[in-house]
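J.: Take a look at this one; I'll ask things after.
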Amino acid sequence: MGCTVLVAGLFGMIMVAYANTPLPTQTQQQATEQGSIIYYRDGKTEIARLGTKREIVPISKIPLHVQDAFIAVENRTFRTDPGISVSGIMRAVWSTVSGQQVQGGSTITQEMARAYYDGLSQERTLKRKVLEIFVSIRAGKEMSKDEIMAIYLNTIYFGRGADGIQAAAQAYFDKDVDELTLAEGAYLAGRIQSPDRFDKAEAEKNWAPTRERFDYAVRGMAIVDPAKYGQLPRTARFPKLAPLDKKETLKGANGYMVDIVQRELDKRGISRERLRKEGYRVTTTFDKKLMAAARKTVESHLAAVGDKHVHANLAAVDPRNGQVLAFYSGHDYLKSFTNNAFDANKQAASAFKPYVLAAWLEKGYSLRSYVSGDGPVTLPGTKPIGNSHDVGAAVQIDRATAESVNTAFATMAQEVGLQEVARIAEGAGIDKDDLERAIEDHAYGMSIGAGLVTPVEQATGYGIFANGGVHRDAHVVLSVKAYTGKTVMKETGRSRTVISPDTAADATYAMQQVVKYGTARGTALPGGHPIAGKTGTNNENKEAWFVGYTPRLSSAVGMYKEVPRIDPKTRKVVKDANGHALRKEVSLGDIQGAGTPTRIWRDFMAIAMANKPVEPFPAPVFGGRPHDLVRKPTPKPTRDPSEDVGDDPACAADPACAGPDDGDAGDDPPGDGGDETADDGGDPDDSTTIDEGTQPFGDG
């Protein structure tokens with residue numbers, strides 16, 4: 001008797017709860033959302049739309065054999081059940097009671113309710129499951145099976161960015177849903193179990209998972225309706241898929257922009273699947289004009305080189321905030337997926353030396369110090385380091401920077417310590433693991449560029465010199481908004497002080513000498529914008545760099561050459577498991593940092609800085625105390641009047657041009673004495689084409 005009362009009471013509570021659970025009137029917005037849009041920095045100009053645009057189709061347009069395929073896979077009693085499966089619910093209850101995760105038990109009606117109606121979340125809780133059951137029963141009573149099936153097939157995600165059955169038919173078979181065959185319907189029904197996993201497998205040419213699901217679908221159809229589909233398991237053939245529809249979305253530079261945006265958002269909690277399905281509006285840091293300028297300048301210079309195996313990559317970052325305004329990673333993402341501006345780790349060569357200079361200045365030592373100009377020098381754990389041209393036994397640090405004297409920077413690094421150099425480089429944004437590996441593998445070779453860097457790292461790294469010693473993390477997303485206009489993610493970009501403003505000013509002064517008198521002499525921008533920078537060319541000319549900046553923009557250009565690997569026995573190209581040719585890095589030939597990379601940088605920056613106000617760099621303070629590592633050169637007893645460049649306007653702010661100072665007459669102007677009309681490429685025998693590294697640093 002007591003048991004009967006208890007059961008009756010429980011039943012009564014359930015009926016009350018059911019009676020108070022009406023069919024929801026609001027649908028989930030994402031059930032009909034059109035995908036996300038990625039914009040340039042203006043927030044208006046589109047880069048790409050992610051997620052295939054959903055087209056709602058009536059049930060009359062969806063063939064019965066396509067509907068039957070989904071019934072066979074997902075819910076074989078769909079046509080007769082009340083919207084729920086009692087046995088499935090019991091399995092779900094048992095898994096909850098036994099402490100397992102709630103699973104199983106979902107019918108097509110339940111799947112429709114969960115994905116379509118507002119208020120039913122995807123969380124795996126018993127409370128949500130009970131609410132889902134009540135809503136599903138209500139839907140089964142108040143809606144026809146055709147209505148339920150239409151909403152279900154127009155809502156679910158199929159992969160390839162396709163939401164809904166019509167979009168899936170277009171994405172996988174390039175046809176409308178009413179043209180789908182039995183086999184095509186079975187394929188689509190099978191793949192909804194795990195669309196992203198199946199997409200990944202098929203992209204890797206692994207067809208086993210989707211073939212297995214296809215076979216499961218056709219066998220199920222034969223079970224559901226033997227008279228109609230009984231022969232299908234023996235006659236159905238796995239359908240031929242349309243090529244992956246990438247069209248214009250990822251073509252050209254767009255694919256590279258979408259790729260790095262997706263990566264940044266994924267790290268911040270918005271997955272690629274959510275980006276396709278939840279209707280975000282993403283505003284990036286990319287400037288459309290500068291992206292076009294990067295492409296134009298790089299590709300025009302590569303065309304002049306005339307070697308398809310030579311690559312050039314570019315990155316431009318606003319040092320004041322870390323925003324990546326432009327980059328060049330390749331001609332077409334659909335032909336080369338590697339996002340080189342962000343991922344191509346190559347040896348920095350002499351473009352790493354400014355971090356050594358910063359460590360020297362932070363130690364309290366002056367630019368006016370004299371260090372070793374004579375080589376080779378042998379330092380602990382390092383192969384002998386020499387110079388390609390004679391600067392004398394002692395060289396002042398500003399001149400050593402201008403002429404990229406290897407022995408000077410190696411001995412400076414020994415004096416301040418490699419860990420201090422690494423600390424500053426890491427603070428500037430260079431990868432910590434790459435720095436540690438460079439020290440471990442090359443010891444003091446790290447100081448002249450044995451470590452690996454990317455163009456984005458270098459453009460961001462030099463930002464500390466342009467921005468008064470403050471580093472801003474590189475990033476590509478300004479904001480993310482929901483389809484409602486509500487901001488769901490704001491711009492990131494941490495800042496940290498890496499070096500003092502005085503160090504930044506003095507290092508900038510030294511790098512100004514590079515473009516005035518040194519390895520990149522004669523490099524200038526229209527309008528008189530001040531620039532500073534550093535060339536880099538490693539051993540055997542395998543990598544060539546120019547990294548430079550103005551007060552408002554820091555840019556890096558890196559070049560290298562890769563050719564297919566050839567099997568010495570078969571003389572055939574060696575390929576990986578996916579059939580892609582493996583490549584090896586070889587010499588760039590006569591391309592060096594002071595040549596093509598510098599010219600690419602100059603042409604890009606001329607466009608970027610056009611019509612921008614001219615901003616001066618902070619004046620050098622020439623701080624710190626002189627700290628000579630070698631004896632100063634003996635002063636000259638007399639000076640040839642023809643060498644007097646004191647009136648040269650290019651020397652106005654350059655103590656090295658001013659002749660003897662306090663009895664020191666060893667400060668001859670580096671390079672060509674400040675002739676800004678000099679060709680930036682230089683004669684093969686002059687200092688603009690020096691080999692800046694003598695260590696065999698490998699392929700980088």
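The values are calculated or read from the model by the stated rules, or taken from the named source; none is laboratory data. Because the structure is predicted, anything quoted here is derived from the model rather than measured. Every residue, glycine as well, gets a Cβ built from its backbone with ideal geometry; the counts of neighbours run over all protein chains shown. Ligands, DNA and RNA are excluded from the accessible area calculation, which covers all protein heavy atoms including side chains. Shrake-Rupley method; radii C 1.70, N 1.55, O 1.52, S 1.80 Å.
J.: Based on the Cβ-Cβ distance of ASN345 and ALA203, what FRET efficiency does E = 1/(1 + (r/R0)^6) give at R0 = 22 Å, to the nearest 0.05?
T.: Numbers: r = 24 Å, r/R0 = 1.11.
For ASN345 and ALA203, the calculated efficiency is 0.35.
J.: Here is a follow-up. How much net charge surrounds LYS44 when only other residues with a Cβ under 15 Å from its Cβ are counted (Lys, Arg +1; Asp, Glu -1)?
T.: So the environment of LYS44 carries a net charge of +3.
J.: Taking all protein chains as present, what is the carbon and sulfur share of the accessible area of the stretch 197-352, in % to the nearest whole number, probe 1.4 Å?
T.: Carbon plus sulfur share of accessible area: 51 percent.
J.: What FRET efficiency comes out for ARG494 versus ASP567 if R0 is 45 angstrom and r is the Cβ-Cβ distance? Round to the nearest 0.05.
T.: 0.45
J.: Under 12 Å from the Cβ of GLY185, count the other residues' Cβ atoms, weight Lys and Arg +1, Asp and Glu -1, and hand me the total.
T.: -2
J.: Here is a further query. Is the C-alpha gyration tensor of the stretch 478-633 telling us rounded, prolate or oblate? Criteria: a/c under 1.5 is rounded; beyond that, a/b larger than b/c is prolate, otherwise oblate.
T.: oblate
J.: Kindly identify the stretch 168-226 as rounded, prolate or oblate by the Cα gyration tensor criterion: order the square roots of the eigenvalues as a ≥ b ≥ c, call it rounded if a/c is under 1.5, otherwise compare a/b with b/c, prolate if a/b is larger, else oblate.
T.: oblate
J.: Let me ask another. Would you mind counting up the charge near GLY417? Only other residues with Cβ under 12 Å from its Cβ, with Lys and Arg at +1 and Asp and Glu at -1.
T.: -1
J.: Sort the following peptides by mean Cβ neighbour count (other Cβ atoms within 10 Å, averaged over residues), highest first: 354-362, 323-331, 423-431.
T.: Listed from highest to lowest mean packing, they are 354-362, 323-331, 423-431.
J.: Further question on the same structure: Compute and list, largest first, the equivalent-ellipsoid semi-axes of the stretch 422-560 from the alpha carbon gyration tensor, each √(5λ) rounded to a whole angstrom. Mind dumping the intermediate values first?
T.: On the way: eigenvalues 157, 87, 47 Å².
Ellipsoid half-lengths, sorted descending, are 28, 21, 15 Å.
J.: Just the Cα atoms of the stretch 258-394, one point each, no solvent: what log10 I(q)/I(0) does Debye give at q = 0.13, 0.22 Å⁻¹?
T.: Cα-only, vacuum Debye calculation for the stretch 258-394: -0.86, -1.37.
J.: If packing is taken as the mean number of other Cβ atoms within 10 Å per residue, what is the order of 433-442, 588-597, highest first?
T.: Highest mean packing first, the order is 588-597, 433-442.
J.: Around GLY279, which amide H atoms from residues at least 5 apart in sequence, or from another chain, sit under 5 Å from its own amide H, with H modelled in the peptide plane?
T.: GLY35, SER36
J.: Under the classification rounded if a/c is under 1.5, otherwise prolate if a/b is larger than b/c and oblate if not, where does the stretch 345-492 fall, given a ≥ b ≥ c as square roots of the Cα gyration tensor eigenvalues?
T.: On the way: a/c = 2.95, a/b = 2.23, b/c = 1.32.
Prolate is the answer for the stretch 345-492, as a/c is 1.5 or above and a/b outweighs b/c.
J.: Shifting gears a bit: Of the peptides 332-341, 186-195, how do they stack up when ordered by the mean number of other Cβ atoms within 10 Å, highest first?
T.: The peptides rank, most packed first, as 186-195, 332-341.
J.: Taking amide H atoms as placed 1.01 Å from N in the peptide plane, list the residues 5 or more away in sequence, or in a different chain, whose amide H sits under 5 Å from that of GLU543.
T.: Here ASN538 satisfy the definition.
J.: Here's a follow-up. Say R0 is 45 Å: what FRET efficiency, to the nearest 0.05, do LYS363 and LEU241 get from their beta-carbon distance?
T.: The calculated FRET efficiency here is 0.10.
J.: Here is a follow-up. Rg to Rh for the stretch 339-401: what is it, with Cα atoms only and Rh by Kirkwood? Walk me through the numbers before you get to the answer.
T.: Values: Rg = 14.5 Å, Rh = 13.8 Å.
Reported Rg/Rh, Kirkwood definition of Rh: 1.05.
J.: Which whole-Hz couplings ³J(HN,Hα) result when phi for each residue of the stretch 340-349 is put into the Karplus expression 6.51 cos²θ - 1.76 cosθ + 1.60, θ = phi - 60°, listed in order with x for Gly and Pro?
T.: Values, residue by residue: 4, 4, 9, 10, 7, 7, 10, 4, 6, 6 Hz.
J.: Seen from all sides and averaged, what is the projected area of the convex hull of the Cα atoms in the stretch 529-612, in nm²? Walk me through the numbers before you get to the answer.
T.: Values: hull surface 31.0 nm².
For the Cα atoms of the stretch 529-612, the hull's average projected area reads 7.8 nm².
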